[in-house]
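Worksheet: the structure to be examined is printed underneath.
The values are calculated or read from the model by the stated rules, or taken from the named source; none is laboratory data. Note that this is a predicted model, so its numbers are computed, not measured. Using ideal geometry, Cβ is built from the backbone for each residue, glycine included, and neighbour counts are taken over all protein chains shown. Side chains are part of the model used for accessible areas, which takes the heavy atoms of the whole protein and leaves out ligands, DNA and RNA. Shrake-Rupley method; radii C 1.70, N 1.55, O 1.52, S 1.80 Å.
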Amino acid sequence: MLFMIRFKKSTEPQLDIDNANKILENIFAANQAEPNTIPLDVLAAYSHYRKKRFSLQKIVIIAMVLFLLLAFLFIVPSFTIHSETKNSEVNPVYHVSVDTFMPVQRVTAIIDGHNIPVYEVDSHIYSIEPHINGHMKVAVTLINHQTVTHFVDVENVDVEAPLVVSSNMDSENVCLYLSDTGSGINYKEIKAVGLSGQEILPVSFDESSECVVFSYPKETLNVYIPDNADNTLHLILTVK
């Protein structure tokens, strides 16, 4: 035998306005209070109106927030690059100033595929010290992933010391022929220091032939040859 059992969905009891009015009047009477002067159906209608108005306000606020967030997604950075050194000076330093109220995610600098270190020196201010010459690409990216790129030509970078291309000597002098393709040799600062600690200056130098002459040493000398960018070549002259 097959039995079928049906379940009815329970519904919440509904109270009509008339019965609700009677209950409210009884409550006021039991508490010896003045009866309500505003009909209950008016109060119910006003409550329904307030709910609808609140829902509409919530929708408007959410729409405004989404609109503002959407606008933030398309804000692009604005920045300037200026050099802290004069055109005639070597090893230029560049400052990047980012003009935005949004957080900066990263600042990068690249020359011919080489990454150049970037240092944050202040809020939205960055310092770049290139170690090679070339066409430098500087990119600023905000937290919303919007990126702007500028380019600047980097010159007068000198991080290499002078070279000795040849030498000759006799019983009286040692002549060193030098080369420096960067800032140039600082002949006035060339010196030698003996093992005894005595400082020895060149006998002469000729900038046109790039030659510096020392007296034939009586002891082993440490020779220091700087360029105009403070890169220094250290040589040791040994007495035989």
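For every residue, the table says whether it meets (1) within 13 Å of the chain's Cα centre (by Cα); (2) among the acidic types (Asp, Glu); (3) on the phi > 0 side of the Ramachandran plot.
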{"residue": "98", "(1), (2), (3)": "yes, no, no"}
{"residue": "112", "(1), (2), (3)": "no, yes, yes"}
{"residue": "122", "(1), (2), (3)": "yes, yes, no"}
{"residue": "130", "(1), (2), (3)": "no, no, no"}
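Scanning the stretch 89-115 for residues that are over 16 Å from residue 141 (Cβ atoms) and free of Cβ contacts under 8 Å to residues at least 24 places away in the same chain gives 112, 113, 114. Residue 205 satisfies every condition listed in (1) under 30 Å from residue 129 (Cα atoms); (2) touching a helix residue (DSSP H, G or I) at 6+ places or on another chain (Cβ under 8 Å); (3) without any contact (Cβ under 8 Å) to a residue 24 or more places away in the chain except (1). Residues that are among the basic types (Lys, Arg) and farther than 17 Å from residue 168 by Cβ within the stretch 192-240 comprise just one, 218.
Within the span defined as the stretch 132-141, one or more residues are open to solvent by 30 Å² or more (accessible area, probe 1.4 Å), more than 20 Å from the chain's Cα centre (by Cα) and more than 30 Å from residue 215 (Cα to Cα). Here the stretch 131-156 is the region considered, the condition is being polar (S, T, N, Q) and not in a strand (DSSP E or B), and the residue that is nearest to residue 116 (Cα to Cα) is 133. The lone criterion from (1) touching an Asp or Glu at 6+ places or on another chain (Cβ under 6 Å); (2) more than 18 Å from residue 84 (Cβ to Cβ) left unmet by residue 133 is number (2). Where strands (runs of 3 or more DSSP E) fall entirely within the stretch 157-236, those with at least 2 residues that are in contact with a strand residue (DSSP E or B) (Cβ under 9 Å, 6 or more places away or on another chain) and open to solvent by 90 Å² or more (accessible area, probe 1.4 Å) are at 163-169.
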